[in-house]
Amino acid sequence: MTRKINKLIARSCSGSCAPHNRRPRAPRLEEPVEKRYHVGLHAPINRMATKAVSLLSGGLDSLLATKLVLDQGVEVIGLHFVSFMCDGIQAERKQTAQKGAQDLGIRLILRDKGPEFVEMVKKPAHGYGKNLNPCIDCKIFMLRAARAIMDAEGASFLVTGEVLGQRPMSQMRQTIARIEQESGLDGLILRPLSAKLFAPSRAEQGGLIDRERLLAISGRSRKEQFALAATHGLQSFGTPAGGCLLTDPIYSRKLADLLSHEPFSMKDVALLRMGRHFRIDGVKLVLGRNQSENQWLHSFWAPPYTLVYPVTFRGPTGIYKGVADRAVRKIIAAIIAFYGKESSGHATFEFFDGRPARETIEAASIDPEQYRIKEEA
């Protein structure tokens, strides 16, 4: 029976069909990129799957990239990462990402980078940028986390708003290739804004995405993106500045101090964004710089921190962590008195660690700068 079937196949081909076991011809290097990267050169993608995960930062580029994929009939799930260590405008970015997802009509997943990200920042494999920003390792970290979400959601590929050459550390061609490979997403990342400047992704090769409807934007100018936003009626996006605190020199020095004093918690990391910072014999003190920060410190309080504020004069609220003996409390009182411009000598302070305790302390004249964590090189 098998022999008969083979004969029928041979007759039907009449010499025009390639033998069933013949290997396909390897592509010639001189062929155009579009021909060289045809379906079949990589592992096949399930053509029935039409779901993607898109990294939504809250900026314009990721919003446009998502829109371009949605317009091709693909179901897209947004993914937005948050972290106390990175987002100087975290609340605004988060809200912008949420509003953008709502405008696009897609579901948005919020993920905290968590303590694992802190461990990476301590010793990034690819080093830091100008300050304490591990841009390459940060991108790899997020892509690996995104891969887990892709698998959980049954998504076939990942969408990013990357633009070739836009950022000097993480968006150059060789760096992009290295990040993609080390993240374990080789071929699974679609960059709609610069897609035609890269080899086709597996989504394009598999027919899930029409490459002709993608773009070839490069460089730091954003004229094309703003024009596209107007065309598509997109308005819910943040400013071009990334807002990453790890690129800020003052924040980076505070973080470097914290990383050198283990153990610490994510709440300690959250405190880095607020107030003036001091170290007094192993005790970490943070003082509010204005009424808004004073109120924030009050609402932030929880064990193991101690809240401290003046009772007999108007001055900054402080919060500290560590064992503060009488000598340390005297220094804390003197620092608060300095910024509260209190010079009467004795003053009363409230110390709250879960139980209120008032103490009258002689506010000695000291220079707070000797205890302050340096914010300048």
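Read-outs throughout are calculated quantities, based only on the coordinates presented, and are distinct from any laboratory measurement. In this text, all values refer to a predicted model and were calculated from it rather than measured experimentally. No Cβ is skipped: glycine too gets one built from the backbone with ideal geometry, and neighbour counts run over all protein chains shown.
Some observations on this one:
- Stretched out straight at 0.36 nm per residue, the stretch from S299 to E212 would grow longer than its current Cα-Cα span by 26.0 nm.
- As a proxy for reagent exposure, ranking L214, L197 by other Cβ atoms within 10 Å from fewest up yields L197, L214.
- Potential extension, E224-K130 segment - 0.36 nm per residue separation minus Cα distance: 31.0 nm
- Dipole of segment 274-370, positive direction: furthest Cα of H298, G282, I361, with charges on the beta-carbon: H298
- Sorted fewest first by neighbouring Cβ atoms within 10 angstrom, Y251, Y320 come out as Y251, Y320.
- Peptide ranges 362-369, 282-289 listed from the most packed, as the mean C-beta count within 10 angstrom indicates: 282-289, 362-369
- Spin-label pair A364-H232: with each label point 7 Å from Cα along the Cα-Cβ axis, the two points sit 6.2 nm from one another.
- In sequence order, segment 114-126 has phi-based couplings of x, x, 4, 5, 4, 4, 5, 5, 4, 8, x, 4, 9 Hz under the Karplus curve 6.51 cos²θ - 1.76 cosθ + 1.60, θ = phi - 60°, and Gly or Pro positions carry x.
- Hz values of 3J(HN,Hα) by residue in segment 74-81 - Karplus curve (6.51, -1.76, 1.60), Gly and Pro given as x: 8, 6, 10, 10, x, 9, 10, 9
- Residues within the reach of a label modelled at V82 (point 7 angstrom out along Cα to beta-carbon, backbone nitrogen below 15 Å), restricted to segment 249-288, are 267, 270-271.
- Relative contact order for segment 245-347, counting Cα pairs under 8 Å that sit 6 or more residues apart, in percent: 20 percent
- Sparse-neighbourhood loop sites, trypsin sites (Lys or Arg not before Pro) in segment 59-148 - DSSP loop, at most 16 other Cβ within 10 angstrom: K130
- Listed from fewest to most Cβ neighbours within 10 Å, the set T312, T306 follows the order T312, T306.
- When segment 181-306 is reduced to its Cα atoms, the Kirkwood hydrodynamic radius in Å: 19.4 Å
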